[in-house]
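For reference, the structure discussed in these notes is given below.
The values are calculated or read from the model by the stated rules, or taken from the named source; none is laboratory data. Everything numeric in this text was worked out from a predicted model, so none of it was measured. Neighbour counts run over all protein chains shown; Cβ positions are idealised from the backbone, glycine included. Only protein heavy atoms, including side chains, enter the accessible area calculation; ligands, DNA and RNA are left aside. Shrake-Rupley method; radii C 1.70, N 1.55, O 1.52, S 1.80 Å.
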Amino acid sequence: MKNYLAISCLALILYGCIEPFDGEFVDFQSALVIEATITNEVKNQQVILSRTYEFEADGPIAESDATVRLMANGNAIAFQDSGDGVYISEEPFAAQSGVEYQLDITTQDGRTYGSSMTQLTATTSLDEVRAERITSDLGEDGMGIFVDSFDPTGSSKNYRYEFIETYRVIAPTWTPISLIGDPAGGCNVIKVPNNTDEEICYPTDFSNQIILTSTEDLEEDRVSNFMVRFISRDNYIISHRYSILVRQYVQSNAAYTFFETLNELSGSESLFSQTQPGFLEGNVFSKETEEETVIGFFDVVSVDEKRLFFNYNDFYPGEPLPPYIENCRPSAPPLVSQGGTCVLRPIIESGLGVYVADNSPPALGEGPFQIAPRVCGDCRELGTSEIPDFWIE
């Protein structure tokens, strides 16, 4: 949600402009951004507080040292500042049906903020997550990840999805040999056992789009064959074994409308045009003045999730693997340039290149070793080499 709200922050910065965008912003307003989704999972829930930032800035500014409480039918649940604007509940808990929840926030400068009263949405199970080889609407071959769910009571209606994907990566040029600079000095390098680089890793990526669907206009509250992810056949992440955890959130009408509008803003081409989208209003506010702008949404939702695994060969038996993330064609830099400057040793010692093979005999202008970009021989450039606890072969 952080990336999505950044777009609305940008919209806020641009609000009121009637001149074409010229790359400079004046009268910047620092507004509090509140991100809070409380779920029916027993866990330490979190609230994220930040400030809007100017277009030229690196990113959101964390709001630290605030007092954050969640009021639940008159009882207070305290949250502690864990750094970077993330506040974690002191005790794990799950949102309960029939309980009214409300945020209560006091920032370090003494200003107070709150939210509308919110109740837990209806509970609907995520019935199935499956993978299919398909051709996209754009004619691209790839893997579609589809979900099904059904609420026989018809009380859910609005759904939002997120996913976490983890995949096995095999570094294509990894070898048990490594190069280091010769301890004797000079431009020479020597071969040693490779005790640092990893051949197999398990990177993890998170969804960065707003994925919504609604059954409001359907005869029954059934999500059927809804695609939450498309992966091109040429994407290296499916080259070996791939896993995706899909999370389904049941949202209120107000939350669904907020995220739908936020999604439209994030994809709007009008952000830098004369007609600006303006302020996206949520259900969080200043308790002191109606004039103060507060951005974000407080959501209390039911969640269900399912994990799926598949291998590349399950859908592409005998077919070539997708291209790796980097072109791993080896090169053979000389040890010394014509001017007498070391060439290969600085590349190795800076970590930019890794050993692939001996280059024998070297061609004119080449050195005795072939090297490739580090990501080709050390998959830790992409993710951890530790096998995840949930991983199943």
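All Cα-Cα distances of the range 117-177, cut into 10 Å bins from zero to the largest, leave 14, 29, 27, 17, 8, 4, 0 percent in each bin in turn. Would you mind checking the tilt of helix 2-14 against the longest principal axis of the Cα atoms of the chain, expressed as 0 to 90 degrees and rounded to 10? In the chain, helix 2-14 runs at an angle near 70 degrees to the longest axis. The mean accessible area for residues of the range 56-165, using a 1.4 Å probe and ignoring ligands and nucleic acids, is 48 Å² per residue. In the range 63-192 the Cα-Cα distances spread across 5 Å bins starting at 0 as 2, 7, 9, 10, 10, 10, 9, 8, 9, 8, 6, 5, 4, 2, 1, 0 percent of all pairs. Here the Debye sum runs over all C-alpha atoms of the range 236-389 as equal scatterers in vacuum, and log10 of I(q)/I(0) at q = 0.17, 0.20 Å⁻¹ comes out as -1.07, -1.22.
Pairs of lysine residues in the chain that meet both criteria, 8 or more places apart or on different chains and Cα atoms under 28 Å apart, total 7. Residues Met71, Met227, ordered by accessible area of protein heavy atoms at a 1.4 angstrom probe radius and largest first, appear as Met227, Met71.
The spread of Cα positions in the chain, taken along each principal axis and listed from longest to shortest, comes to 77, 50, 46 Å.
Accessible area ranking (1.4 Å probe, heavy atoms, ligands and nucleic acids excluded), largest first, for Glu292, Glu63, Glu264: Glu264, Glu292, Glu63. Taking 0.36 nm per residue of separation and subtracting the current Cα-Cα distance, fully stretching the chain between Leu352 and Ala76 would add 94.1 nm. Using every pair of separate Cα atoms, the Kirkwood estimate puts the hydrodynamic radius of the range 298-393 at 17.5 angstrom.
Quick one: helix 253-266 against the long Cα principal axis of the chain, what's the angle to the nearest 10°, folded into 0 to 90? Orientation of helix 253-266: about 40 degrees from the principal axis.
Evaluated at q = 0.12, 0.18 Å⁻¹, a Debye calculation over the C-alpha positions of the range 151-267 (equal weights, vacuum) places log10 I(q)/I(0) at -0.65, -1.01. Using a probe radius of 1.4 angstrom, the carbon and sulfur fraction of the accessible surface of the chain is 48%. Compute the FRET efficiency between Asp58 and Asp148 as 1/(1 + (r/R0)^6), taking r as their Cβ-Cβ distance and R0 = 51 Å, and round to the nearest 0.05. After rounding to 0.05, the efficiency reads 0.80.
What accessible area per residue, rounded to a whole number of Å², is obtained for the range 290-354 using a probe radius of 1.4 Å?
In whole numbers, the range 290-354 has 54 Å² accessible per residue.
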